[in-house]
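What follows is a single structure, written as structure tokens, with notes after it.
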Amino acid sequence: MAAPQNAPIPEAGKKVLSTVTMAPSLGFVPIAVHFDLFGCLQDIGKPATAEEVCSLHHTKYGDTDLSVPLANDTLFLMGGLGFLDLLPDDVYRANDVTRFLVETPSAQHGAMHFTSEGLLASAFLMRRLIDTKFEYPFQECDTPFQYAHKLMGNDFLAREHVYSVMHHTGRLDSFNTFMTGKFGRWGTMPDRVRKLGYDLDGLLQSTAPEKLQVVDIGGGRGELLLEMQAAYPHLLKKENLILQEYNADIGVVPEVTEMAWNYKEDGSEQPVKGALLYSMAHVLHNLSDIESIKLLAKVARVMAPSSRLLIQEFTKNAASSTTHAAMILMHAGRERTRAEWRDLAAFAGLQITFEAYPPNGECVVELRRVLN
């Protein structure tokens, strides 16, 4: 039975309305980041109009394409998202979220990523499903993200991985900056795993110096290895820390040993054999189950009986449902549950020897070889 026409919108209706109408506002986030509107508003240090924000922007950055009307609508919509405070008469004020974004540049780049590549993929999800008679799950390089580029007439980008597309469109350096700090973290990697009960201290301190090798696979700009080095300076030197990355815009990380490894190439085996610790942090959620098993199996083949593979990903639950969706749409990947990690490990010849799944934040899963 339909609700009476003059009845107020019920609370459930308000929830639906506020959620599903958010996407257009999110489309303005890259504009705010591109023109440094958060930084300009905070620099003013008091409530300000769009004219004042725009004026400071041009003082800082010169004659850019930012106009007052674009700044005004963008600031207003950022206020609607809670990223700044809306005051009467189109006046805006920095709040705690504004300050966080300014003080955490990686968070602004992350916001840019999810409201650029992520929003593009989501816009083409239903279209791709309809056109393929709801073929699902997606496969790598054949997701709504690639389908968007196909329908926009770019056949080259339509065949490329998300990272390759970002490289060709000048977006990869921004993404790499996002990965250095993401949206903020609780402590360093050693702090986080200790809090979850993982005995990283005992593992490192009980290992002979000549066997202390830590290999971070897909480790970006080396943040995890640098955090470990800072926590264990007496144990971990440059030669102990191996950063494996296949990313065109990483640059040089002088404190660690850099090594290119493209695990996707046929016959490309893991070059470091018998390391104490192999690490994958926020790598496997970018991969489908099939691709994850391939990568895990390549590492398993070179692991010694004493080797560990340490996985850090978001715990799959309601809190991580939005990143789960993003991984599906852009990568054909996913966040995973305890049961899903056990299945992947078994298929790759590994077994779980430690696991911790906090309700919020990163889970920690340790894998070791299954010995015959």
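Some notes on this structure:
- A count restricted to region 184-203 and to residues that are surrounded by 15 or more Cβ atoms within 10 Å (Cβ to Cβ) and touching a residue at least 60 places away in the same chain (Cβ under 8 Å) stands at 6.
- E313 vs. criteria of a type in the set (D, E), closer than 21 Å to V193 by Cα and surrounded by 19 or more Cβ atoms within 10 Å (Cβ to Cβ): yes
For (1) surrounded by fewer than 20 Cβ atoms within 10 Å (Cβ to Cβ); (2) among the aromatic types (F, W, Y); (3) closer than 25 Å to P190 by Cβ, each residue gets a yes or a no:
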position	(1), (2), (3)
A325	yes, no, no
A332	no, no, no
W341	no, yes, yes
A345	no, no, yes
G349	yes, no, no
F354	yes, yes, yes
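- Note on region 122-178: enclosed helices (runs of 4 or more DSSP H) holding 2 or more residues that are touching a residue at least 60 places away in the same chain (Cβ under 8 Å), under 21 Å from T323 (Cβ atoms) and touching a helix residue (DSSP H, G or I) at 6+ places or on another chain (Cβ under 9 Å) are 144-151, 162-168.
- Residues located in region 356-372, provided they are of a type in the set (S, T, N, Q) and either within 22 Å of D191 (Cβ to Cβ) or surrounded by 14 or more Cβ atoms within 10 Å (Cβ to Cβ) (or both): N360
- Boolean, P105 is surrounded by fewer than 21 Cβ atoms within 10 Å (Cβ to Cβ) and farther than 21 Å from M166 by Cβ: no
- For region 310-342, the tally of residues that are more than 23 Å from G219 (Cα to Cα) and not in a helix (DSSP H, G or I) stands at 1.
- Failed item, numbered, when S279 is tested on (1) modelled with pLDDT under 95; (2) under 20 Å from the mean Cα position of the chain (by Cα): (1)
- Residues (over 13 Å from L367 (Cβ atoms) and surrounded by 20 or more Cβ atoms within 10 Å (Cβ to Cβ)) located in region 284-302: H285, N286, L287, S288
The values are calculated or read from the model by the stated rules, or taken from the named source; none is laboratory data. The structure displayed is predicted, hence computed values, not measured ones. Note that each Cβ is placed from the backbone with ideal geometry, even for glycine, and that neighbours are counted across all protein chains shown.
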